[in-house]
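What follows is a single structure, written as structure tokens, with notes after it.
Each reported figure results from applying straightforward, stated rules to the coordinates on display, with no laboratory input. This is a predicted model, so every value here is computed, not measured. Note that each Cβ is placed from the backbone with ideal geometry, even for glycine, and that neighbours are counted across all protein chains shown.
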Amino acid sequence: MLTADLIPVTVLTGFLGSGKTTLLNELVRQPAMRDALVVINEFGDIGLDHRLVAEGDEHSVVEMSSGCLCCTIRGDLSRSVQQAWEALASDGGRPISRMIIETTGLADPAPILQTLMTDHWLAHRFRLDGVVCLVDAANGVSTLNAHRESQRQAAIADCLLITKADLVDEARLARLTERLTEINPAAEQLDVQHGAVDAARLTAKRLPVSDNADRQVEGWLGAGAYLQVSPISSLTPSVSDAPAPLLASDGDAPLSRHGEQIRSFCFRVETPIAPGVLEDWLDLLMSLLGEKMLRIKAIVNVAGQAQPLALHGVQHIFHPPVALPSEACPDGVSRFVFITSGVAPEAVTRLFDDFDA
């Protein structure tokens, strides 16, 4: 099946009390969500959120209440979706047009993205469309400062929805938006009141596909946003003889000054990259720093290949490369966007230098 034919998946995340259930209540009432399958993850043995979601077809909501989806019952995602798929098919229901996975507020969503990439049954039917993170304006800054999970949720999101903004003054809201931009400068930020948002605003973040990649690639990669944040955002391969530390120290992290030092930067390579260099460099990055590479997106100009490649990785797992039309990389420059946990940007360029020498 072609990538464009796979069913899109939106992962909905956000810390406790950020408004995920309120948002879902609004989304499932919209015509665009009529044929969506909603998978609700619960933390604990008794499910509650499924009682709050607007009523619909009995198979349109899958509740899992035996533990946390992203850590203790990752396998249940595939099994539960398969059961819903089979139930819909046996009832002669309409085909699923979209899937929304709501994570628990305590979840790091990265394992869910990895499961979508690696589970054979899921990977042959579904593709990641985007990660949407809700952030409570009233408690957002303090939550980001205090909770590692909240930082990671915001860091790997494609879209950040700021809720409860009507409860705070402009100065407090500005501090939150600035903090979110430091953590994840490429993510779109939207102010959402009482869950009211057009579903179309949340469903256009997918990986580029070959039929219209030239229109999608910059929006998906978002490399231009990093040039406005910090000098490290426009890195080119380093030429210094001084060894670069693999991990950043607390004193040199300009983008996130609390918790686990979330860092975001863009790495550019001006000339075509040899396939062996690309493979060896990424393999080494993953083996040395995989757990700290929260998310990687790239458009790569590969030497000897007419079509550039779209790469997407979450920690040590990479989605199969997607070939794009040549116009998706008209200037021939490869662009890599990294969102990491405490990795020194210079370490990335140093490792590339070692292979590209």
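Things to note:
- His147-Asp280 FRET efficiency (beta carbon distance; Förster radius 25 Å; 0.05 resolution): 0.10
- Distance in nm between pseudo-label sites at Arg268 and Ala123 (7 Å out along the Cβ direction from Cα): 3.3
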